[in-house]
Amino acid sequence: MVISRVTLAFAAILMALVTLGCGGGGDSAQPKPPGPITPPLGSIDLPRGPKLELLTGKASVDFNNCQSDDGATNEARFSHLQRITVYKDAVYLAETGEGCANVSYGINLEPLNLLPAIRKLSDGAVETAVIFTARDVFNYSPVTVRYPSGFHRKESTGESFVLGYAAASSEQNFALNESEVSLYTERGGWTRYVPGLFRFKPSQSYAGYDDLVAGAGIGGGLGAGEPPSYADGGGYAARFTAPHDLEVDAAGLFYVIDDGRIRTIDSDYEVKTLDHAALGITGAIKALDADHRGNIHVLAQRSGPSYTWHRLRDGSRVGFHIRDVVWSPEPPSLETFTVIGNDMLLGVRYAFYPGYSLTHLYRVSATGEVTELTGADMPADQPSQYLLPPVKHIEYGIDGHLYIVLPQGVLVSRDFSIQ
């Protein structure tokens, strides 16, 4: 298998190729990115950052012509990736198709092509592990996942769990889009697409009637067909708005972010909302991560470039500040992080104007010392200081590799150690 290599220097050149699904737009007086550039191959070590390879897909983004194809890792294509989950034998990717202009829809807003899915990468190839369709092979119309926002495989049973949302934008911190909510209500979309947690058997590759384990009721039961709402409770009694950032602790307890709050789902599918005040958490909850010991970490934004890193296991927290960047207020900053030993690797993404965003990469120590890994210069004579393309998720895998998920591809730094 031939793997193209990219680096942070290369990634910055790729910003010329990156366009987000909301379109370019903007005032004609605003600066525009340069025309398409063929990125160079090869590998260069960034002085302050990791060496990166293009593991699969592509680093450029085209939401006007999304593709989703299985095959060898250097040939596979993705519509819109959201999140990665890493095991020793395989890597799983949550693929949504969100924002893709070339999706066709049915009467209940079900996608007829570019179906959302969980894609599995192993042994040098990408295959579709679970596909979310409004009709299964028996032509039933089950409740299913519209946009997958998290994946977990239970090693003891082989079952997999998928978190899903609908009528919300991951590019807007998973805020519900009220016009889309109304459209789903008018078109009967909520009878098929329920925000919540789904469970799949090891051999199951499509959605069925009994897969929803936490979320609004199905089959005409309580809550069926209702738009998203918020309530704790067990199983079908629970309600979600747009849950995301699925993480699992050492005891098997699920953690998610929903409507800006941290919620847990236990083995009996009882959903509870944590008391942020009791945990000493203030500000906006931006992201979650479980380290390799199964400890849950929380990133909260106090204001602007000021953040707090919370460790739920012992209640400790550390505040830190990053570069104060001037950006367009819409969309807001998007953050993702992963914990590596006692340090955090943080990605902060800013929209410099509609349809054009870049990601800063930082190392944050256990004491709050911040080291910027990417820099901020963008002239052609300083390629090593370029920023990353828009990043969806960062994960330090159990296999020792660092994975950076882009909208339509994945970068990897093998045998990664934070410096």
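The values are calculated or read from the model by the stated rules, or taken from the named source; none is laboratory data. In this text, all values refer to a predicted model and were calculated from it rather than measured experimentally. Don't worry about glycine lacking a Cβ; one is built from the backbone with ideal geometry, like all the others, and counts go over all protein chains shown. Surface accessibility is based on the protein's heavy atoms, side chains included, excluding ligands, DNA and RNA. Shrake-Rupley method; radii C 1.70, N 1.55, O 1.52, S 1.80 Å.
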| task | Compute the distance in nm between two label points, each set 7 Å from the Cα along the Cα-to-Cβ direction, one at K88 and one at E186. | result | 5.3
| Local electrostatic count, D89, Cβ distance below 12 Å [Lys/Arg +1, Asp/Glu -1] | 0
| How high is the FRET efficiency between D232 and N113 when r is their beta carbon distance and R₀ equals 45 Å, given to the nearest 0.05? | 0.75
| Got a sec? What order do Y230, Y269 fall in by accessible area at 1.4 Å, biggest, i.e. largest, first? | Y230, Y269
| field | FRET E, pair R261, N65, Förster distance 25 Å, beta-carbon r, rounded to 0.05 | value | 0.10
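Using 0.36 nm per residue, how much length does the chain from A366 to R302 gain when fully extended, once their Cα-Cα distance is taken away?
This chain segment gains 21.2 nm when fully extended.
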| query | Which lysines does K58 reach when only Cα atoms under 25 Å apart count, and residues fewer than 8 places away in its own chain are ignored? | reply | K32, K88, K120, K392
| note | Put K286, K51 in order of accessible area, largest first, probe 1.4 Å, and you get K51, K286
| note | If amide H atoms are modeled at 1.01 Å from N in the peptide plane, then the residues at a separation of 5 or more from A175, or on another chain, having amide H under 5 Å from its own are S169
| said: Just to verify a number: FRET efficiency for R414 and T273, C-beta to C-beta distance, R0 = 41 Å, to 0.05? | reply: 0.60
| field | Net lengthening on full extension, E75/E178 (0.36 nm per residue, minus Cα-Cα) | value | 33.3 nm
